[in-house]
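Okay, structure first, notes after.
Laboratory data are not the source of any read-out in this text; all were calculated from the coordinates shown. It should be emphasised that the depicted structure is a prediction, and the values quoted were computed from it without experimental measurement. Don't worry about glycine lacking a Cβ; one is built from the backbone with ideal geometry, like all the others, and counts go over all protein chains shown.
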Amino acid sequence: MPKQISQKDLDSIVKAVSSFPNGSGIEEINSALEWIPRRTLQRRLALLVEQKRLIAEGKGRSSRYRLPSTLDVVIPPPIMALSGETYIPLSPEGEEIKRVIRAPIQNRNPVGYNRTFLDAYHPNRTFYLTEDIRHRLYDMGRSSDDQQFAGTYARQIFNRLLIDLSWNSSRLEGNTYSLLETERLLEQGEASEGKNAMETQMLLNHKDAIELLVEQAADVGFNRYTILNLHALLSNNLLADPQACGRLRTTPVTIGGSVYHPLEVPQLIDECFGQILTLTSEVKDPFEQAFFAMIHLPYLQPFLDVNKRVSRLAANIPLIRRNLCPLSFLDVPNQAYIDGTLAVYELNKVELLRDVFVWAYGRSCKRYSAIRQSLGEPDPFRLKYRQQIKKLVAEVVRDCMDKRKAANWIAKMSEKEIPTDDKARFVEVVETELINLHEGNFARYQLRPSEFLDWKKVWH
């Protein structure tokens, strides 16, 4: 019987190959490892190619190996079923769950919250995503920034991510803003005519919540502070009871179009909420962690409303922290997402929602990989001082400083807060940001349109 190859051995080879961005031959790979026999390495490389964790190019001694890029993975667009419905490609398990969950509501048995579904999960031993899926997602979403500050990847594509994630997450809630209308609202503060205030507020709330996740990437996590504040931001000015923002619910809720009845006892809701946070925090794999949050936060319904929105943004926490490609739910058909969520509620089956999650992540990776290639690498100096730069630019604008006053203020503040060797570059960067500030980018400094316009008159 052939000897079983350990996952650790395979992972070490993938890591060695990753140190050669343009690919490497077998000798180069072996030099990056603790030396192993050539034939053994060849067999392991062939296995990794078969598993699609590596790409082989060339033949014989000229063979070279590299990591797959998102360009090697074909993510099909949404498909049109014979019924005319737009959907995503499904696994056989997903197809069967879709058939069951599409039965008329009167034919589906009413169910309550199943605590066993949560209790049966053991972090790093139980997996909703198979090993192959986890590796595939990592290969698609990984970046060269994985050793940089938490949130480096997300900050580099922040303007695009802010609009994409705000729009798609809101769209899944029935928001009728178009993508361009969303862009105008978030970048210029211009609400679209004919839209109700709830839709406008929903998008602005997403903006605030995404900024929290990216700006505080090193500090957020699956803890009460993060999830409660995420809910407070996403539900701001949307709930009949303002006191319910950022608080666990104490009253019953119903799920429209479903036979599922969530927990009603406040003590049990609090207990299960704490258990979900503990279990999620213990999961090591970032994709399993993200998917677990997408399943169990909405299933518990810990808040009076806005539970699914919280879960979609919370799913990005491990991805942003680990500098993996974020998940913005691009092109996800509403009905596919609804079916996958209902299957969790009523059947405790995750395969359909898993198909949605994997497909959506592939779409996000394709988009942001192309955007990052066009942007180039982020400036390490700007990353290091991003908070100080943001603070000074905002203060200059809010205080309506002219160029002379701003120059004196920036010099004074850099003298107090910035190390001597970095002062000159820091002043240059802040002044450059002010010079390049315009109506299409001032929102990144959390400035209101009126503040920007008042400052512009003085600045010029």
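Both radii come from the Cα set of segment 231-274: Rg as radius of gyration, Rh as Kirkwood radius; their ratio Rg/Rh reads 0.99. Radius of gyration over Kirkwood radius for the chain, both on Cα atoms: the Rg/Rh ratio is 1.00. Size of segment 247-386 from its Cα atoms: along the principal axes, largest to smallest, the extents are 51, 33, 24 Å. Its residue count N sets the reference 2.2 N^0.38 Å, and the alpha-carbon radius of gyration of segment 161-240 equals 1.10 times that reference.
The largest-to-smallest principal axis extents of the Cα set in segment 304-421 are 64, 38, 23 Å. Listed by chain and number, the lysines whose C-alpha is less than 30 Å from the C-alpha of Lys8, apart from same-chain residues fewer than 8 away, are Lys52, Lys59, Lys284, Lys366. Counted over all Cα-Cα pairs of segment 380-459, pairs farther apart than 21 Å make up 22 percent.
With +1 on each Lys and Arg Cβ and -1 on each Asp and Glu Cβ, and nothing else charged, work out how big the dipole of segment 7-67 is about its Cα centre, in Debye to the nearest 20.
200
Each Lys and Arg Cβ is given +1 and each Asp and Glu Cβ -1; about its Cα centre, the chain then shows a dipole of about 1000 debye. For the chain, what does -39500 (n - 2.57) per DSSP helix run (n ≥ 4), summed and divided by total residues, give at 222 nm, in deg cm²/dmol to the nearest 500? Calculated from helices alone, the mean residue ellipticity at 222 nm is -17500 deg cm²/dmol. Paramagnetic label reach from Lys403 (point 7 Å along Cα→Cβ; backbone nitrogen cut-off under 19 Å): within segment 429-460, residues 429-439, 453-460. If you wrap the tightest convex hull around every Cα atom of segment 166-208 and split its volume per residue, you get 59 Å³. Note that segment 330-336 has calculated 3J(HN,Hα) couplings of 4, 6, 5, x, 3, 5, 5 Hz, one per residue in order, obtained from phi through the Karplus relation 6.51 cos²θ - 1.76 cosθ + 1.60 (θ = phi - 60°); glycine and proline are x. So for the chain: antiparallel DSSP bridges make up what percent, rounded to the nearest 5? Just about 65 percent of them are antiparallel. Taking amide H as placed 1.01 Å from N in the peptide plane, the amide H of His261 sits under 5 Å from that of Val111, Gly112, Tyr113, each at least 5 places away or on another chain. Using Cα pairs under 8 angstrom and six or more residues apart, how large is the relative contact order of the chain, in percent? With pairs under 8 Å counted, the relative contact order is 18 percent. Semi-axes of the equivalent ellipsoid of segment 7-67 are 14, 13, 12 Å, computed as sqrt(5λ) over the eigenvalues of the C-alpha gyration tensor in descending order. Computed from phi, the 3J(HN,Hα) profile of segment 212-217 under the Karplus parametrisation 6.51, -1.76, 1.60 (θ = phi - 60°) reads 4, 5, 7, 5, 10, 4 Hz, with x in place of Gly and Pro.
List Leu179, Leu233 from most exposed to least, where exposure is judged by having the fewest other Cβ atoms within 10 Å.
Listed from fewest to most nearby Cβ atoms, that is Leu179, Leu233.
Converting phi to 3J(HN,Hα) with the Karplus coefficients 6.51, -1.76 and 1.60 and the offset θ = phi - 60°, segment 131-140 yields 4, 4, 5, 4, 5, 5, 5, 5, 5, 6 Hz in sequence order, with x at every glycine or proline. As a rough footprinting exposure proxy, the listed residues Ser364, Ser369, Ser62 were ranked by other beta carbons within 10 Å of their own, and the order from fewest upward is Ser62, Ser369, Ser364. Counting neighbouring Cβ atoms within 10 Å and putting the fewest first, the residues Glu57, Glu96, Glu351 line up as Glu57, Glu96, Glu351.
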